[in-house]
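The values are calculated or read from the model by the stated rules, or taken from the named source; none is laboratory data. In this text, all values refer to a predicted model and were calculated from it rather than measured experimentally. Quick reminder, even Gly has a Cβ in these numbers, built from the backbone with ideal geometry, and neighbours come from all protein chains shown.
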Amino acid sequence: MPNDSTMVTDAIEYAFSAIDGLRAGIASPPAGFDAALRVVLSLQGKVVTTGVGTSGIIARRFAHLLTDSGVPALFVHATELLNGAGGVLTPHDALYLISKSAHGNGLGRLPALAEGRGSKLVVQAGCRPPWLEAHNVLVELDFSQTKDLLGLVATGSSLLNALVCDMLCWSVCQQRQTVSGLRAIHPEGGVGLALSVEPEANE
């Protein structure tokens, strides 16, 4: 077994290579990013984010940050959506699926669910799934340079998914959110404390 110093050095090298993979993934705007942004900004309702596994964790984080950015959002696990929770969708909403491969776990049933509820569908993935309809929005990411554990476990690729979500939140925030609006939804926590110390200076 390598000594502790070698393992730490190797871990740092992995981190740097993961950062390089992120840079490569956003060297040019992801295909469909602008279309997804238009969908989110045009909504009269909410964004329902979904996914499974690591992608589901990223989707949950995305929903929280979207709400902070001024767009109502919530996370519902894909399995729950396909077992009754899809009733949360309305014609004013968008369903936003985050995945690496967009395969398995019944994900191919989501377009019919969204269409049946009158909701828009956005899919953020590394390829165009065969079940995606032409009128759905695809944010297609390049995971070829991301560094996943053993080339399989979604470490680097999940970072890229999260970063693109952050890019969307940043863009939405510029249009939708204000300091006073952020203060209103953060009466507690670190953000609330920071906004309450010098409120006038943050307007």
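Which is in contact (Cβ under 8 Å) with a residue 40 or more places away in the chain, among the acidic types (Asp, Glu) and part of a helix (DSSP H, G or I), of Asp10, Asp20, Asp34?
Only one candidate passes the filter, namely Asp20.
Give segment 46-65 a look and list any residue that's assigned to a strand (DSSP E or B) and aliphatic (A, V, I, L, M), or say none.
Val47, Val48 - these are the residues of segment 46-65 that are assigned to a strand (DSSP E or B) and aliphatic (A, V, I, L, M).
Might you let me know whether segment 144-154 holds any residue that is aliphatic (A, V, I, L, M), touching a Leu at 6+ places or on another chain (Cβ under 9 Å) and in contact (Cβ under 8 Å) with a residue 24 or more places away in the chain?
Looking through segment 144-154, none of the residues is aliphatic (A, V, I, L, M), touching a Leu at 6+ places or on another chain (Cβ under 9 Å) and in contact (Cβ under 8 Å) with a residue 24 or more places away in the chain.
Could you check segment 151-193 and list, in sequence order, the residues that are small (Gly, Ala, Ser), within 18 Å of the chain's Cα centre (by Cα) and exposed (fewer than 12 other Cβ atoms within 10 Å of the Cβ)?
Within segment 151-193, none qualify.
Take the conditions over 19 Å from Ala125 (Cα atoms) and out of contact with any Leu (no Cβ under 6 Å at 6 or more places or on another chain) and apply them to Asp10. Does it pass?
Yes.
For the subset of segment 20-34 comprising residues that are surrounded by 13 or more Cβ atoms within 10 Å (Cβ to Cβ) and among the aliphatic types (A, V, I, L, M), which member is nearest to Leu138 (Cα to Cα)?
Filtering first and then ranking leaves Ala31.
Scan segment 118-129 and give yes if some residue there is of a type outside the set (A, V, I, L, M, F, W, C), under 17 Å from Gly45 (Cβ atoms) and touching a residue at least 60 places away in the same chain (Cβ under 8 Å), otherwise no.
Yes: one or more hits.
Which pairs have Cβ atoms under 8 Å, sit 6 or more apart or on different chains, and link a residue in segment 52-76 that is farther than 13 Å from Val172 by Cβ to one that is assigned to a helix (DSSP H, G or I) and aromatic (Phe, Trp, Tyr)?
Phe75/Phe62
Only one of Val123, Val164, Val139 is part of a helix (DSSP H, G or I) and on the phi < 0 side of the Ramachandran plot; which?
Among Val123, Val164, Val139, only Val164 is part of a helix (DSSP H, G or I) and on the phi < 0 side of the Ramachandran plot.
Could you say which residue among Gly156, Gly151, Gly189 is under 25 Å from Ala125 (Cβ atoms), among the small types (Gly, Ala, Ser) and at pLDDT below 90?
Residue meeting the stated conditions: Gly151.
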